[in-house]
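First comes the structure, then the notes that go with it.
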Amino acid sequence: MSSEKLPAILGGSPVRSAPFPERTTVGLAERDAVAQVLESDVLSAFIGGPGPFFSGGPKVREFEEQWAHQYGFRHAISVNSWTSGLVTCIGAVGVEPGDEVICSPYTMSASATCALFYGGIPVFADIESNTFGLDPASVEACITERTKAIVLVHIFGCPANIDAILEIARPRGIKVIEDAAQAPGTYSNGRPVGAIGDVGGFSLNFHKHIHTGEGGMIVTQDDEIAERCRLIRNHGENVVGTSKLEDISNTIGGNYRLTELQAAIGIEQLKKLEGILETRTTLARKLDQRLQDIEGLQPQEIPRDSTHAYYVYPIRYDHRAIGMTRNLFLKSVAAELPKPGGFESTPLTEGYVKPLYLSTIYQKQTAIGSKGFPFSCNPDVNYNYSKGLCPVTEKMYEKELLLSPIVREPLTENDIDDFADAMEKVVAHSDQVVAAFPADETNDVFTPVDAAGRSNVR
Ligand SMILES: *Cc1c(COP(=O)(O)O)cnc(C)c1O
């Protein structure tokens, strides 16, 4: 066999050695917008007390109005991160110490830890194997008289099964919070995600579709929840006496304010969102089409009348059809492609994050202080965070899910072809690869770390 045909992991020539183009996120428009704010000398106009500046300065308001307008949200409330945003949402829907909050275990940690800040106890339901979002049947099985809220996540940019979850939640008065950090501008059954439930929002950290360095945007159609979010964002204790709210619980505020500089960047970034989503969709359709010809690699099916933001592109891996462990496949594909220069040029990763309930704070039930709060609020309840709790999540993490972050701007369909060629080549030579690595049965989760030491968990 000639060396071009030999898999690169066995010493053959790789499919591609030229690096994938890096993502550039900001340009002249952002630079000019920031320069204008600098010239004005007002880098933040928030004041933590009654008056017109309680809700921020001109750029913050403009950014919020444009976001709300672009997607038809009644309220958009900027925050300094989506982690702050999630904590704000939990407070705004009235979670109290000892309340249970049903969460997904397959997401960034803050989608569940947000509950803990108000003494809420995360209860983990399993995910669906098609959307990777919360499974309505599993959610229903987790409901008790203590359930106050559900935090669902539109993970990887795919809308979760929100209608079925709302059907369970609404009649019981349970609040639904949408973590749409990875899905800005995405539609579920024709409606923009974020405010289909009671409240939700988006992350604006550097890795997300659009960003302000750090930042977040809360969205809701509910006036009272919006008011509560504004109080929590900015020292609400200083204004509750002057506002119409009678119930002042959970209105003590933090400082979760976005600066004028960030808002000015955000206004420019928002103009780019639709174009970014369009590029990613085009590349994803190309990759879908290539995967049809590779047995054992299955693209994600998008729910009906919905769109997908492709924060990352998920692929289901069938270890039996391909004949090698997911980890060996990953290493073999990596060998066919250029070495990653940054996270976004990493062609393929596996597993996503370890199911959240397996992390130490749940295993030891130690979150706020050292005495078991808030788990200790309900001494008669035995909270279960043991391995085996969510079998679908564990299967995706351990065996079945591959994620590609290279379905992104400024790549082209040719780049996607190289990526697909690499996977196709490895599959075609799986016998040879397995013969050379017979001991690779560990299936350890391989987390590529780029040159700067960043891992794929963001
Ligand atoms: C990024 C992310 C967050 C946290 O957002 P930050 O702005 O980084 O605080 C929360 N949930 C999910 C699903 C995310 O991807």
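Computed from the coordinates by the stated procedures, all read-outs in this text should not be read as laboratory data. Remember, it's a predicted structure, so these values are computed and weren't measured experimentally. Neighbour counts are summed over all protein chains in view; Cβ atoms, including those assigned to glycine, are modelled from backbone coordinates with ideal geometry.
For residue 137 and residue 18, what is the calculated FRET efficiency with R₀ set at 35 Å and r taken between the beta-carbons, to the nearest 0.05? Efficiency computed from Cβ-Cβ geometry: 0.15. Charging the Cβ of each Asp and Glu at -1 and of each Lys and Arg at +1, and nothing else, the dipole of the chain about its Cα centre rounds to 580 debye. Cross-linked pairs 339/425; 59/148; 286/354: Cα-Cα separations exceed 23 Å for 59/148; 286/354. Within straight-line reach of residue 244, meaning a Cα separation under 20 Å, sit the following aspartates and glutamates at least 8 residues removed in sequence or on another chain: 222, 223, 224, 227. Close amide-amide hydrogen proximity is noted between residue 313 and 404, 406, 407, each under 5 Å apart and 5 or more residues distant or on a separate chain (H modeled in the peptide plane; Pro and chain starts excluded). Among the trypsin sites (Lys or Arg not before Pro) in the stretch 43-98, which ones are in a DSSP loop with at most 14 other Cβ atoms within 10 Å of the Cβ? Mind listing them? Within the stretch 43-98, the qualifying trypsin sites (Lys or Arg not before Pro) (loop, at most 14 other Cβ atoms within 10 Å) are 74. For the stretch 234-240, the Karplus equation 6.51 cos²θ - 1.76 cosθ + 1.60, evaluated at θ = phi - 60°, returns couplings of 9, 6, x, 4, 7, 10, 4 Hz by residue, with Gly and Pro reported as x. Proximity of backbone amide H atoms, modeled 1.01 Å from N, is registered between residue 78 and 218 at under 5 Å, excluding neighbours fewer than 5 places apart on the same chain. Show me, for the stretch 390-397, the HN-Hα J-couplings you get by feeding each phi into the Karplus relation (A = 6.51, B = -1.76, C = 1.60, θ = phi - 60°), rounded to Hz, glycine and proline as x. So the Karplus estimates, Gly and Pro as x, are 10, x, 5, 4, 5, 5, 5, 5 Hz. Listed by chain and number, the aspartates and glutamates placed with their C-alpha closer than 17 angstrom to that of residue 208 are 22, 30, 178, 179, 268, 274, 278, 344, 409; residues fewer than eight positions away on the same chain are left out.
Site pair residue 69 and residue 164 shows an inter-label distance of 3.9 nm when each label is modelled 7 Å from Cα along Cα→Cβ. When each of the peptides 342-354, 147-159 is scored by the mean number of other C-beta atoms lying within 10 Å of its residues, the order from highest to lowest reads 147-159, 342-354. Helix 223-233 and the longest principal axis of the Cα set of the chain meet at an angle near 80°.
Give the distance, in whole Å, between the Cα centre of the stretch 278-302 and the Cα centre of the stretch 227-269. If you average the Cα positions of each part, the centres end up 42 Å apart. Let me have the 222 nm mean residue ellipticity of the chain computed from DSSP H runs of 4+ only, each contributing -39500 (n - 2.57), with the sum over all residues rounded to the nearest 500. Using -39500 (n - 2.57) per qualifying helix, the result is -10000 deg cm²/dmol. When the alpha carbon coordinates of the chain are projected onto the principal axes, the ranges are 80, 60, 41 Å, largest first. Remark: relative contact order (the chain) = 21 percent; criterion is Cα-Cα distance under 8 angstrom and separation of 6 or more residues.
With the highest mean first, a sort of the peptides 294-306, 116-128 on other beta-carbon atoms found within 10 angstrom per residue produces 116-128, 294-306. For the stretch 358-431, which trypsin sites (Lys or Arg not before Pro) are both in a DSSP coil and crowded by at most 12 other Cβ atoms within 10 Å? Counting only loop positions with at most 12 other Cβ atoms within 10 Å, the trypsin sites (Lys or Arg not before Pro) in the stretch 358-431 are 364, 371, 387. Annotation: peptides 94-106, 312-324, 219-231, ranked by per-residue average of other Cβ atoms within 10 Å with the highest first, follow the order 94-106, 219-231, 312-324. Of all aspartates and glutamates in the structure, those lying under 16 Å Cα to Cα from residue 387, and not within fewer than 8 positions of it along the same chain, are 126, 398.
So who's got an amide H within less than 5 Å of the one on residue 181, skipping anything under 5 residues away but keeping other chains? H placed 1.01 Å off N, in plane. Residues meeting the amide H criterion: 154, 203.
Between residue 360 and residue 421, the simple label model (points 7 Å from Cα in the Cβ direction) yields a spacing of 4.6 nm.
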